[in-house]
Amino acid sequence: VTREVAEMPGAIFSKLQARIRQHPGPLFPLHVGDTWLDPVEGARMEDLTLATQPRLHHYVAPQGEPALVQALVEKLRAKNGLSVEPGAVLVTAGATGALSSALGALLSPGEEVVVLAPFWPLIRGIVQAFRGRPVELPFYDRVGSAAEAVAALRSVIGPNTVAIYVSSPSNPTGRVLPPDWLEAIAALARSLDLWLISDETYEDYVFHGEHVSAARFAPERTLTAFSFSKAYGMGGNRVGYLVGPLAL
């Protein structure tokens, strides 16, 4: 990435811009999804003590710490507009663990997941790890409307398709899909009885338009992955969460 292209808007990137300007170049390492931010005080490793967390080193509820689950429910209702109950939230080992849990629950060997491309590279391997087949669909740089999005998806959906993987805001393109696109994709999934896997790891990285959670449009068939790594600068903590239909 050139120094000119790397000029990013918004005060949130001011520290990163300073580092880029100081970097000798000519290449700039933007290949790892890590942030330059440290976690806020109170969320750092040294802040976790037995005095405040008496059972810090013991087994916990597999779903996640009850207080954390409840806090996530409140966040999902207030920020994402999702009507969720505590039982519909699963704390995971990062968004990677969330997506692995989702696809592990849904896939049988030989079944297909349509993956909108360009895509986060690990999603291909996660699908394959459960003996599924990723069907890669050129999308973010090819599609210009909700109707085109549906047409593109219809062209690759087949009898073995189980789910559609959507990333918005997109890694790596940064594109935020408009609400009407997500609504159209959700309607298509409902009409064909498909699952919708929504990767919203970068929900806080929006500079134009608005991020809308896909689950607003088809909550009964959408599994959404979120990450503490990008939102709170806590990549090393390995914390994410999965949200979906209560029955699943």
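The values are calculated or read from the model by the stated rules, or taken from the named source; none is laboratory data. None of these values were measured; they are calculated from a predicted model. Methodologically, a virtual Cβ is constructed for each residue, glycine included, from the backbone with ideal geometry; neighbour enumeration extends over all protein chains shown. Ligands, DNA and RNA are excluded from the accessible area calculation, which covers all protein heavy atoms including side chains. Shrake-Rupley method; radii C 1.70, N 1.55, O 1.52, S 1.80 Å.
Which condition does GLY81 not pass, out of (1) crowded, with 18+ Cβ neighbours inside 10 Å; (2) not in a helix (DSSP H, G or I), if it passes all the others?
For GLY81, the failing item is (1).
Mind listing whichever residues of segment 113-127 are open to solvent by 10 Å² or more (accessible area, probe 1.4 Å), without any contact (Cβ under 8 Å) to a residue 60 or more places away in the chain and of a type in the set (A, V, I, L, M, F, W, C)?
Let us first name the residues in segment 113-127 that are open to solvent by 10 Å² or more (accessible area, probe 1.4 Å), namely 117-122, 124-126.
Narrowing the set further to residues that are without any contact (Cβ under 8 Å) to a residue 60 or more places away in the chain leaves 117-119, 121-122, 124-126.
Once the filter is applied, which keeps residues that are open to solvent by 10 Å² or more (accessible area, probe 1.4 Å), without any contact (Cβ under 8 Å) to a residue 60 or more places away in the chain and of a type in the set (A, V, I, L, M, F, W, C), segment 113-127 yields ALA117, PHE119, LEU122, ILE126.
In segment 113-134, what residues are assigned to a strand (DSSP E or B) and in contact with a Pro (Cβ under 6 Å, 6 or more places away or on another chain)?
Kept after step one, since they are assigned to a strand (DSSP E or B), are these residues of segment 113-134: 113-117, 133-134.
VAL113, VAL115, ALA117 - these are the residues of segment 113-134 that are assigned to a strand (DSSP E or B) and in contact with a Pro (Cβ under 6 Å, 6 or more places away or on another chain).
Please work out which one of (1) open to solvent by 50 Å² or more (accessible area, probe 1.4 Å); (2) modelled with pLDDT of 95 or more; (3) under 23 Å from PHE226 (Cβ atoms) is the condition PRO159 fails and give its number.
All conditions are met except number (3).
Could you say which residue among LEU137, LEU99 is without any contact (Cβ under 8 Å) to a residue 60 or more places away in the chain, open to solvent by less than 30 Å² (accessible area, probe 1.4 Å) and either outside any helix (DSSP H, G or I) or of a type outside the set (Val, Ile, Thr) (or both)?
Criteria check complete, one pass: LEU137.
Can you tell me which residue is most open to solvent (accessible area, probe 1.4 Å) among those in segment 225-248 that are touching a residue at least 40 places away in the same chain (Cβ under 8 Å) and within 26 Å of LEU192 (Cβ to Cβ)?
LEU246
Taking strands (runs of 3 or more DSSP E) that do not extend beyond segment 142-248, which have at least 3 residues that are of a type in the set (S, T, N, Q)?
On the way: elements: 161-167, 195-199, 222-227, 240-243.
Here the list reads 222-227.
Within segment 190-207, which residues are buried (at least 20 other Cβ atoms within 10 Å of the Cβ) and within 15 Å of SER167 (Cα to Cα)? Full working, then the answer.
Initial filter on segment 190-207 (buried (at least 20 other Cβ atoms within 10 Å of the Cβ)): 194-203.
Correct list: TRP195, LEU196, ILE197, SER198, ASP199, GLU200, THR201, TYR202, GLU203.
When you scan segment 161-176, do you find a residue that is more than 16 Å from the chain's Cα centre (by Cα) and either of a type in the set (A, V, I, L, M) or farther than 23 Å from VAL84 by Cα (or both), even just one? Break it down stepwise before answering.
Within segment 161-176, the first condition is being more than 16 Å from the chain's Cα centre (by Cα), and the residues that meet it are 161-162.
If we keep only those that are either of a type in the set (A, V, I, L, M) or farther than 23 Å from VAL84 by Cα (or both) as well, we get 161-162.
There is at least one residue in segment 161-176 that is more than 16 Å from the chain's Cα centre (by Cα) and either of a type in the set (A, V, I, L, M) or farther than 23 Å from VAL84 by Cα (or both).
Residues of segment 195-229 being charged (D, E, K, R) and at pLDDT 95 or above, which ones?
The first filter runs over segment 195-229 and keeps only residues charged (D, E, K, R), leaving 199-200, 203-204, 210, 216, 220-221.
If the condition is that a residue be charged (D, E, K, R) and at pLDDT 95 or above, then ASP199, GLU200, GLU203, ARG216, GLU220, ARG221 are the ones that fit.
Do you know which of the residues in segment 50-78 that are over 20 Å from GLY235 (Cα atoms) and of a type in the set (D, E, K, R) is surrounded by the most Cβ atoms within 10 Å (Cβ to Cβ)?
The selected residue is ARG77.
Would you call GLU210 out of contact with any Cys (no Cβ under 9 Å at 6 or more places or on another chain), under 23 Å from THR35 (Cα atoms), open to solvent by less than 60 Å² (accessible area, probe 1.4 Å) and of a type in the set (D, E, K, R)?
For GLU210, the condition - out of contact with any Cys (no Cβ under 9 Å at 6 or more places or on another chain), under 23 Å from THR35 (Cα atoms), open to solvent by less than 60 Å² (accessible area, probe 1.4 Å) and of a type in the set (D, E, K, R) - is not met.
Tell me the residue from GLY104, GLY87, GLY110 that is modelled with pLDDT of 95 or more, outside any strand (DSSP E or B), at positive phi and open to solvent by 10 Å² or more (accessible area, probe 1.4 Å), please. Working first, answer last.
Working: GLY104 fails: at positive phi; GLY87 fails: at positive phi.
The unique qualifying residue is GLY110.
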